[in-house]
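Asks: The structure's right below; bear with me while I get my questions together.
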Amino acid sequence: MFKIAGVRLIRSVFSAVSVVSWAVLLGACAGSSLPDSGGPRSWIVENVASKATAELYADVIKPGVFERLSSKVIEGYTVESGNLVMPDNSLGSLVTVRSADGSLTALVEKPKESGLLVVDTQGKSTFKIPVTKNYSQSDFIVDEVEFRRLSKTKPIIASEPKVIDIFLGYTQVAVDLVGEPHRHALAFVENVNLAFRNASVSGVSLRLVGTQVVAENYLIIGATLRNLFEIFSIGIKNSAPDVVYGVLGDHPENNAYGWGFMPGRSAIGYALRPTTFLHELGHNAGGLHCSADGGAAVPYGYGFNNGTTSTVQCGEGSVNYSSPTLKDQDGNPLGNTATADMARVWRENAARLSSYSFGPPRNFKKTGSTITKVTFGWDPVDGAVRYDFYSTVLSGPEVRKTGETTGVTYTVSDTFGRTQYFVKAVDAQGKESILSNGASR
Ligand SMILES: [Zn+2]
């Protein structure tokens, strides 16, 4: 599937694309009522908790009309996403994540303008536009070991849905830009799931499993990408993700909007650019940039530019991965089967991307009880042959193994509810996952 020749050549092509697309964006912003890039606009909404979500973002999506495609509740947050339809029928996107207290994070991507809306519990609303730079640096590191390993295996499209568990680590500087980090992380993740839906990448989804904030600042440079697992070691250990992404701030010494391994399982990027997140994850999946180089290095793993619209691997233009089935507002395709089918790259790499971490079992909870017994259930783990059941000892912090099962439920005798229970997945080689979340009677 992969050939390494030609990869370095492509980097300089991307640099040129990046400069062009951002020059266009700057031009578009100049005559708008919104502030220059980087300058936030703030206002107050009275009684924010009583307002409908649509009232909170109405001003910042104008003149677009929101076409909602998904609405769900995740960890108590209401997560919605869909297209922004502009008067000329061109498409942008909107992702909103609202807390129960009324506060909101929204990613607004209009065809020529993007920004982050954060509304706090007091109704203070801030709309931030990303700073724009003309980077000439490449933005990915070829993981040659992973590249060779994958080139020896024929890609297999998974028969069952794959969930890629992702961890987002933030620097404090990035949190100062984006507000409440977990809400922001849910928005970033939903943005990718929206791109999957747009490109008909069926059977693949991204799930947030953890966030962490570190005080120290880190630059958007290759060295930070290489150290990412050390920088966020605590959060990664606790959440056992498949893929890790570092959300970082603006800095004069950054040399790209983002960096990612190609292929791989980790990337970093600028906090105010959700399309950088999509783009770098596209590198993790095995994608490159525009097919202007001839499409030799990764067959069909390129972005697409049809002259009026481009996909995210091709200069980060929009919330889209290339696909032969994806059309722009004029009905022109945003991909082709020969060179630009990132949807296929995602489908073929979903099994790899969802298997970097083994377990832990997710969604561990009580599913039933009698006066003397409690039953717990959890989601199955890919590759698990057995689940080990753990209990706290005398209500203390220590846990010990108290049973095992090949199923995904387990019943214990427990009348008083003083014991916490956990479960671990075990694979055929005896490898154990970390403990699941705890639950009790
Ligand atoms: Zn790139």
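The values are calculated or read from the model by the stated rules, or taken from the named source; none is laboratory data. On a predicted model such as this, the values are computed, not experimentally measured, just so you know. In this analysis, Cβ positions are derived from the backbone assuming ideal geometry, glycine residues included, and neighbour counts consider all displayed protein chains. Note: areas computed on protein heavy atoms with side chains; ligands, DNA, RNA excluded. Shrake-Rupley method; radii C 1.70, N 1.55, O 1.52, S 1.80 Å.
Asks: Please give the net charge around Gly76, taking every other residue with its beta carbon less than 12 angstrom from that of Gly76, where Lys and Arg add +1 and Asp and Glu add -1.
Replies: Net charge in that neighbourhood comes out at +1.
Asks: Please identify every one of the chymotrypsin sites (Phe, Trp or Tyr not before Pro) in the stretch 348-441 that sits in a loop by DSSP and has no more than 16 other beta carbons within 10 Å of its own beta carbon.
Replies: Tyr356, Phe416
Asks: Placing unit charges on C-beta atoms (Lys and Arg positive, Asp and Glu negative, everything else neutral), compute the dipole magnitude of the stretch 209-347 about its Cα centre in debye, rounded to 20.
Replies: 360 debye
Asks: So, one more: Quick one: which of Lys237/Lys401; Lys366/Lys424; Lys51/Lys112; Lys62/Lys112 span more than 22 angstrom between C-alpha atoms?
Replies: The pairs that break the limit, which is 22 Å between Cα atoms, are Lys51/Lys112.
Asks: Multiplying the sequence separation of Thr308 and Arg207 by 0.36 nm and subtracting their Cα-Cα distance, what value in nm do you get?
Replies: The span from Thr308 to Arg207 would gain 33.2 nm if fully extended.
Asks: With each label point set 7 Å from Cα along the Cα-Cβ vector, what nm distance links Asn134 and Glu160?
Replies: Modelled inter-label distance: 5.3 nm.
Asks: Here's a follow-up. Positive end of the charge dipole of the stretch 7-353 (Lys, Arg +1 and Asp, Glu -1 on Cβ, about the Cα centre): tell me which of Gln212, Val48, Gly287 has its Cα farthest that way.
Replies: The Cα lying farthest towards the positive end belongs to Gly287.
Asks: Pop out the carbon and sulfur fraction of the accessible area of the chain as a percent, whole number, probe 1.4 Å.
Replies: The nonpolar share, carbon plus sulfur, comes to 53 percent.
Asks: Could you work out the local net charge near Arg265, counting Lys and Arg as +1, Asp and Glu as -1, over the other residues with Cβ closer than 11 Å to its Cβ?
Replies: Net local charge, Arg265 excluded: -3.
Asks: What is the chain's relative contact order, in percent, from Cα pairs under 8 angstrom and six or more apart in sequence?
Replies: Computed over the chain, the figure is 13 percent.
Asks: Let me ask another. How large is the charge dipole for the stretch 160-231, taken about the Cα centre, if only the Cβ atoms of Lys, Arg (+1) and Asp, Glu (-1) carry charge, to the nearest 20 debye?
Replies: Computed charge dipole of the stretch 160-231: roughly 240 debye.
Asks: Right, another one. How do Leu177, Leu56 stack up against each other in accessible area, from largest to smallest, with a 1.4 angstrom probe?
Replies: Leu177, Leu56
Asks: Leaving out ligands and nucleic acids, and using a 1.4 Å probe, what accessible area per residue does the stretch 7-353 come to in Å²?
Replies: I get 38 Å² per residue for this part.
Asks: Over the stretch 365-440, what is the relative contact order in whole percent, taking alpha-carbon pairs under 8 Å and six or more residues apart?
Replies: So the answer I get is 33 percent.
Asks: Relative to 2.2 N^0.38 Å, what does the C-alpha radius of gyration of the stretch 246-378 come to as a ratio? Two decimals please.
Replies: In units of the globular-protein estimate, the stretch 246-378 measures up at 1.39.
Asks: In what order, largest first, do Ile164, Ile236 sit by accessible area if the probe radius is 1.4 Å?
Replies: Ile236, Ile164
Asks: Can you tell me how much longer the chain between Glu144 and Lys366 gets when fully stretched, taken as 0.36 nm per residue apart minus their C-alpha distance, in nm with one decimal?
Replies: Extending this stretch completely gives an extra 75.4 nm.
Asks: So, with +1 on the Cβ of K and R and -1 on the Cβ of D and E, and no other charges, what is the size of the charge dipole of the chain about its Cα centre, to the nearest 20 debye?
Replies: So the magnitude is around 1000 debye.
Asks: Need one word for the stretch 318-407: rounded, prolate or oblate. Basis is the Cα gyration tensor (sqrt eigenvalues a ≥ b ≥ c); a/c below 1.5 gives rounded, then a/b vs b/c decides.
Replies: prolate
Asks: Return, for the Cα atoms of the stretch 109-225, the radius of gyration and Dmax in Å, separated by a comma.
Replies: Cα radius of gyration and Dmax of the stretch 109-225 are 17.7, 56 Å respectively.
Asks: Can you list the residues, at least 5 places off or on another chain, whose amide H is less than 5 Å from the amide H of Ser70, using H built in the peptide plane?
Replies: Sorted by chain and number, the residues that satisfy this are Ser81.
Asks: Right, here's the next one. Can you give the accessible area of Ile371, probe radius 1.4 Å, in Å² rounded to 10?
Replies: Around 140 Å² of this residue is reachable by solvent.
Asks: Provide the solvent-accessible area of Asp414, counting protein heavy atoms only and rolling a 1.4 Å probe, rounded to the nearest 10 Å².
Replies: 10 Å²
Asks: Let me ask you something else. Each label point is 7 Å from the Cα along the Cα-to-Cβ direction; what then is the distance between the points at Ala223 and Lys327, in nm?
Replies: So the label points at Ala223 and Lys327 sit 5.1 nm apart.
Asks: Checking a compactness column here: for the stretch 365-440, what do you get for Rg(Cα) / (2.2 N^0.38 Å), N being the number of residues?
Replies: Here the Cα radius of gyration is 1.07 times the empirical estimate.
Asks: So, one more: Want the number for Gln122 to Ile44: 0.36 nm per residue separation, take away the alpha-carbon distance, what's left?
Replies: 27.3 nm
Asks: Convert each backbone phi in the stretch 323-330 into a coupling constant with the Karplus relation 6.51 cos²θ - 1.76 cosθ + 1.60 (shift: θ = phi - 60°), then list the ³J(HN,Hα) values in order as whole Hz, x for Gly and Pro.
Replies: Taking θ as phi minus 60°, the curve returns 6, x, 8, 8, 10, 8, 5, 8 Hz for the stretch 323-330.
Asks: Here's a follow-up. Starting from the coordinates of the alpha-carbon atoms of the stretch 74-143, obtain the Kirkwood hydrodynamic radius over all distinct pairs and give the value in Å to one decimal.
Replies: In the stretch 74-143 this quantity evaluates to 14.4 Å.
Asks: Here is a further query. List the GluC sites (Glu not before Pro) in the stretch 354-438 that DSSP assigns to loop (not H, G, I, E or B) and whose Cβ has at most 10 other Cβ atoms within 10 Å. Which are they?
Replies: Passing both the DSSP loop test and the Cβ count: Glu398.
Asks: Then there is this: What share of all Cα pairs of the chain, in percent, falls into each consecutive 10 Å distance bin?
Replies: Calculated P(r), rounded to whole percents: 4, 21, 30, 25, 13, 6, 1, 0.
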